[in-house]
Ligand code: PBG
């Protein structure tokens with residue numbers, strides 16, 4: 001359409017508007033700020049513990065006391081929200097993942113400590129899925145054949161969501177991909193006086209090769225046999241993502257997520273165009289690791305690559321990005 005009103009060269013020279021920094025700034029279509037970043041963090045047991053994660057160079061698990069410091073750092077950087085994940089000791093894992101329901105589990109302790117220290121200066125998003133708590137590393141309850149059961153899992157996820165909301169979580173983010181869980185969780189939150197607790201649904205979550213380092217970080221990699229293909233989406237599908245999003249919105253999701261991030265920007269754009277709702281994307285652990293390894297190999301400059309990838313999410317229509325580079329990016333953006 002716009003092509004038809006273009007003057008021919010040399011009347012039209014697209015380079016004119018790119019010729020100076022002020023002009024480039026003036027013509028910039030997309031803005032990235034720290035408010036667009038959500039910082040995923042891994043919680044560990046103990047006191048004063050920083051436990052580096054080998055496959056996520058530069059990322060550590062933090063004990064609750066030090067997690068509070070990370071939260072304060074995020075507030076000072078203008079990052080509006082943290083996404084918390086627990087590293088659960090093997091002894092506390094079980095076939096049914098019931099540690100997810102323990103009101104004193106690591107997640108709940110971290111949520112309470114951050115809320116005590118920072119109040120509403122920062123939001124806390126919590127992942128709902130059983131993989132940090134199961135002895136088999138699947139996101140749900142399994143039958144004798146290892147098949148992940150849908151409806152029984154949803155019941156447990158409802159309990160996990162209420163447990164997190166009771167501890168002070170602001171956004172419940174179901175990452176499990178069970179059918180019907182958004183409606184069930186929404187109803188339970190409404191019934192428990194958590195009307196303002198949001199749901200950000202991992203609506204289009206793919207069975208991806210990019211989650212490896214995350215599974216190290218929460219301690220489920222060695223435990224997981226097989227894959228998650230009976231519940232996470234086929235990377236070949238795009239129309240199906242729209243259906244998943246439509247279902248979750250109809251069930252009461254406040255916002256939706258696409259995951260992984262960069263390889264799925266087409267999905268983010270389609271979801272945004274089709275529904276016009278807040279769309280978030282997760283630049284997942286394997287994407288983070290790719291950037292860090294490229295930097296370590298001398299193939300790229302970290303700062304420009306980080307900001308370029310994050311800007312790409314904004315350009316694709318995302319309101320925000322979950323990224324392990326959040327603090328670093330915010331520092332760069334704040335100058
Ligand atoms: C758990 C969950 C996963 C991630 C977020 N929540 C892993 C998985 O589904 O296996 C991945 C995040 C990342 O790789 O950074 N359901």
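Laid out as a table, the results:
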read-out: Of all DSSP beta bridges in region 33-333, antiparallel share, percent nearest 5; value: 10 percent
read-out: Against the rule of thumb 2.2 N^0.38 Å, how large the Cα Rg of region 83-124 comes out; value: 1.32
read-out: Distance from region 29-83 to region 174-215 (C-alpha centre basis), Å; value: 21 Å
read-out: Among 106-117, 7-18, the order from most to least packed when residues are scored by Cβ within 10 Å on average; value: 106-117, 7-18
read-out: Ordering of 120-128, 42-50 by burial proxy (mean other Cβ atoms within 10 Å per residue, highest first); value: 120-128, 42-50
read-out: Folded to 0 to 90 degrees: helix 285-296 orientation relative to the chain principal axis, Cα; value: 50 degrees
read-out: Evaluated over region 33-333, the Cα radius of gyration and Dmax, each in Å; value: 17.7, 54
read-out: Between helix 150-167 and the chain: long-axis angle, C-alpha atoms, 0 to 90°, nearest 10; value: 80 degrees
read-out: Residues 4, 33 arranged by fewest to most Cβ contacts within 10 Å; value: 4, 33
read-out: P(r) of region 266-330 over all Cα-Cα pairs, binned every 10 Å from zero, in whole percent; value: 21, 49, 24, 6, 0
read-out: Cα gyration tensor category, rounded, prolate or oblate, for region 155-251 with a/c compared to 1.5; value: oblate
read-out: Square roots of 5 times each gyration tensor eigenvalue, C-alpha, region 213-268, largest first, Å; value: 24, 14, 13
read-out: Centroid-to-centroid separation of region 218-242 and region 269-284 [C-alpha atoms, Å]; value: 19 Å
read-out: Whole-number percent relative contact order across region 33-333, with pairs defined as alpha carbons under 8 Å at least 6 apart; value: 19 percent
read-out: Rg/Rg_ref, region 1-118, where Rg_ref = 2.2 N^0.38 Å and atoms are Cα; value: 1.75
read-out: Acute angle (nearest 10 degrees) that the helix 181-191 long axis makes with the longest principal axis of the chain, alpha-carbon atoms; value: 70 degrees
read-out: For peptides 280-292, 20-32, sequence by mean Cβ density within 10 Å, most packed first; value: 280-292, 20-32
read-out: Residue-averaged 222 nm ellipticity for the chain, from DSSP H runs of 4+ at -39500 (n - 2.57), nearest 500; value: -11500 deg cm²/dmol
read-out: Region 4-61: projected area of the alpha-carbon convex hull, averaged over directions, in nm²; value: 8.6 nm²
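The numbers here are math on the coordinates, done by the rules we state, and not lab data. These numbers were taken from a predicted model, which means no experiment stands behind them. Ideal geometry is used to build each Cβ from the backbone, glycine not excepted, and the neighbour counts take in all protein chains shown.
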